[in-house]
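These notes concern the structure reproduced below.
The values are calculated or read from the model by the stated rules, or taken from the named source; none is laboratory data. Everything quoted here is computed from the prediction, not taken from an experiment. All Cβ positions, even for glycine, are placed from backbone atoms using ideal geometry, and neighbour counts span all protein chains on display.
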Amino acid sequence: MKFSFFVLISLYLSIQSHAASSKLNQEIVPDKKTALKIAEAVLVPVYGEKILKQRPFIVKQEDNRWIVDGTLHCPDKKTCKGGVAHVEINKKTGAIIQMIHGR
């Protein structure tokens, strides 16, 4: 009786440990939509609401990070001067790796 009780307890703890480690291996930022929301959330306090004029933001995945870049809108549809927002986000931790705005 004691043996089966300890086997059940060991099995339960093993399952709980596996579930916890599985959650640790998950990505905090699993998709483009989440990366975009994070990028906008960190850009607006720094650059103001005007940064949202750079929509649509281009979101791409490179290795273990998301890269979010603004779009430069030119009035004459040819060329224009200026830069765009650039945010890099760690997929696993959600940490901002880099946030800059070109000139």
Checklist entry - Does any residue of the stretch 54-67 turn out to be more than 18 Å from the chain's Cα centre (by Cα) and touching a residue at least 12 places away in the same chain (Cβ under 8 Å)? => result yes
Item to check | Answer from 65, 103 - the residue that is loosely packed, with under 12 Cβ neighbours inside 10 Å and of a type in the set (D, E, K, R) | outcome: 103
Checklist outcome for this item: Residues of the stretch 62-95 being under 21 Å from residue 50 (Cβ atoms), of a type in the set (A, V, I, L, M) and not in a loop (DSSP other than H, G, I, E, B), in sequence order, are 68, 85, 87
Checklist outcome for this item: Among residues of the stretch 82-97 being touching a Leu at 6+ places or on another chain (Cβ under 8 Å) and at pLDDT 95 or above, the residue surrounded by the most Cβ atoms within 10 Å (Cβ to Cβ) is 87
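Tell me, which residue of the stretch 1-38 that is touching a Gly at 6+ places or on another chain (Cβ under 9 Å) and modelled with pLDDT of 95 or more is surrounded by the fewest Cβ atoms within 10 Å (Cβ to Cβ)?
Ranking the qualifying residues of the stretch 1-38, first place goes to 34.
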